[in-house]
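As structure tokens, the structure follows; a few thoughts come after it.
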Amino acid sequence: MNYPFQYRQGRLFCEDVDLQKISSSLETPFYIYSKEEIKHSCRLIREGGEGYDFKPYYALKANFNPALLKIILNEGFGADIVSGGELYFAQRAGFKADSIVFAGVGKTEAELRQAVEAGIASINVESAAELYLLSRVAAELRRKVSVAIRINPDIDAKTHEYISTGLHSNKFGVDAETAFQLYRQAHADPWIEPDGIHMHIGSQIENEQPFVDAARFLLSFIDRLKAAGIEINTVDLGGGIGINYENPFARPQQARSFTRSILSSYLQVFAGRRLKLYLEVGRSVIGSAGVLISRVIYTKKTPVKNFTIIDAAMNNLIRPSLYKARHPIVPLVQSEAGRWTTDVVGPVCETGDFMAREMEMPELHEGDFIAIGGAGAYGQSQASFYNLRPLVAEYLVEGDHIKKISPALSPVELAERFEW
Ligand code: LLP
């Protein structure tokens, strides 16, 4: 399938929707998603799991818009959650409790209670203290809970330090020795069924090696547990498969993610084993399916730099500011103008508020529209009201049809939550 964000006669389309045409009549900035691209990504992941006892779980943290959740649910995915809020959204979108897994280092008693009462597929325990609390909650509620211990393999995923999670210096999971003790303890607990194991080593991982190393580590640990009389049936492999943030608009035919190659190497390590494999995937499901549309407010030339000042800012898409992430930026109408090197910045009062630095692109002008690509994951879900800027609207495209899937939330509406 061709990438649905493509130029036709010099104008960027999302499926059959002319983005320039709609942007002139909508309030910018806004997020817009392609339904076809979401389905395509889901298909890629399902195909990657063919031949295995495999189930993918969508990580709501990447994007929790209910309209998108329902598409992913219909593609046969479960839900991977990290809070009581995400459990609520997952259930309300229609995910069945037995298709929900729950990870996170700091689950509160109330969240554990909510998860045990719902009867979710697995609670992925990340510390001795959490196992202790969960055991108490399960006993009180007289409900047996399926548990996986999250093991931290001390493997470097070679990604940005803020989103690497599989090193002993990271807060996530427990080391193998501790995990072994916790399994013994859980095994002896009448309310805990420790039949799974969990691992997640980081996000935006761009090659298979860390995954393969981690999988081998898991298998030898599972064998060690078996020797001690503890049988593991389910391996939750976490997520982390990266997407290709290099300009996808410019080369639509090529692979846009590393999903296929990474998944095939990762799963191959488990070939021939009778294990249920779970994969938690966020970015590789929704990342390439969304763009952030923004309008140029001003341009400014200084003796040392050029600035393209746009109406989207770090409160809408924080990834460039937070991880120095590079997102492709293209004009909605291909421009004949000369190219220049410019910083693309937002209106927020921070030097760290940029979408791109020293980017070579056409010299744009006030009123021109741009698309910031690869913004479907960790875009709107990490947005804030910083500088009292609105949360922006989201739209979903299906063919030539466009639907608003969340309205903007303005500072005026926010104001109503306060006493004045
Ligand atoms: N499972 C667990 C336990 C996780 O912590 C995460 C992501 C995922 C699955 C999904 O990972 P994915 O397939 O999306 O890589 N805000 C950052 C990414 C943070 C990822 C946090 N955990 C960013 O914008 O790059």
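The values are calculated or read from the model by the stated rules, or taken from the named source; none is laboratory data. Model, not experiment: these values are computed from the prediction. For neighbour counting, all protein chains shown are included, and Cβ atoms are generated from backbone atoms with ideal geometry for every residue, glycine included. Side chains included, ligands, DNA and RNA excluded: accessible areas come from the protein's heavy atoms. Shrake-Rupley method; radii C 1.70, N 1.55, O 1.52, S 1.80 Å.
What the table below lists for this structure:
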quantity: Heavy-atom surface of the range 41-192, accessible at 1.4 Å and reported per residue (Å²); calculated: 43 Å²
quantity: Residue-normalised accessible area of the range 242-400, expressed per residue, 1.4 Å probe, Å²; calculated: 42 Å²
quantity: Surface/4 estimate of mean projected area, convex hull on alpha-carbon atoms of the range 290-414, nm²; calculated: 8.3 nm²
quantity: Distribution of pairwise C-alpha distances over the range 1-111, 10 Å bins, in %; calculated: 12, 34, 29, 18, 6, 0
quantity: Cubic angstrom per residue, convex hull over Cα atoms of the range 177-308; calculated: 191 Å³
quantity: Thr178/Glu336 FRET efficiency (R0 60 Å; Cβ-Cβ; nearest 0.05); calculated: 0.45
quantity: Portion, in percent, of the accessible area of the range 35-283 that falls on carbon or sulfur, probe 1.4 Å; calculated: 48 percent
quantity: Computed [θ] at 222 nm, helices only, for the chain once each DSSP H run of length n ≥ 4 contributes -39500 (n - 2.57); calculated: -8500 deg cm²/dmol
quantity: Euclidean distance between Cα centres, the range 330-382 to the range 124-169, Å; calculated: 39 Å
quantity: R0 of 45 Å, Cβ-Cβ distance Arg43-Tyr298: FRET efficiency to nearest 0.05; calculated: 0.60
quantity: Overall Cα dimensions of the range 135-211 - principal axes, largest extent first, Å; calculated: 43, 22, 20
quantity: Linear extension gain, Arg92 paired with Glu360, 0.36 nm per residue minus alpha-carbon span; calculated: 92.1 nm
quantity: Using alpha-carbon coordinates, inclination of helix 209-227 to the longest axis of the chain, degrees; calculated: 20 degrees
quantity: Within-9-Å neighbourhood charge of Ser122 [Cβ basis; K, R +1; D, E -1]; calculated: -2
quantity: Taking N as its residue count, the alpha carbon Rg of the chain over 2.2 N^0.38 Å; calculated: 1.03
quantity: Cross-link pairs beyond the 26 Å C-alpha cut-off, checked among Lys55/Lys404; Lys21/Lys404; Lys70/Lys404; Lys61/Lys305; calculated: Lys55/Lys404; Lys61/Lys305
quantity: Charge sum, other residues only, whose C-beta stays under 11 Å from Arg274's C-beta, Lys/Arg counted +1 and Asp/Glu -1; calculated: 0
quantity: Relative compactness, the range 35-283, computed as alpha-carbon Rg over 2.2 N^0.38 Å; calculated: 0.97
quantity: Computed over the range 1-42, Kirkwood Rh from alpha-carbon pairs, angstrom; calculated: 11.1 Å
quantity: Simple spin-label estimate for Arg216 and Ala139 in nanometres, 7 Å along Cα-Cβ; calculated: 4.2 nm
quantity: With at most 15 neighbouring Cβ atoms within 10 Å, loop trypsin sites (Lys or Arg not before Pro) (DSSP) excluded, longest segment of the chain; calculated: 172-272
quantity: Segment Leu167-Lys70, length gained on full extension (0.36 nm per residue, minus Cα span); calculated: 31.5 nm
quantity: Between 0 and 90°, nearest 10: helix 35-48 axis offset from the chain longest Cα axis; calculated: 30 degrees
quantity: Relative intensity, log₁₀ I(q)/I(0), of the range 245-345 from a Debye sum that treats every alpha carbon as a point, q = 0.11, 0.21 Å⁻¹; calculated: -0.52, -1.29
quantity: Tail fraction, Cα-Cα pairs, the range 90-233, threshold 22 Å, whole percent; calculated: 40 percent
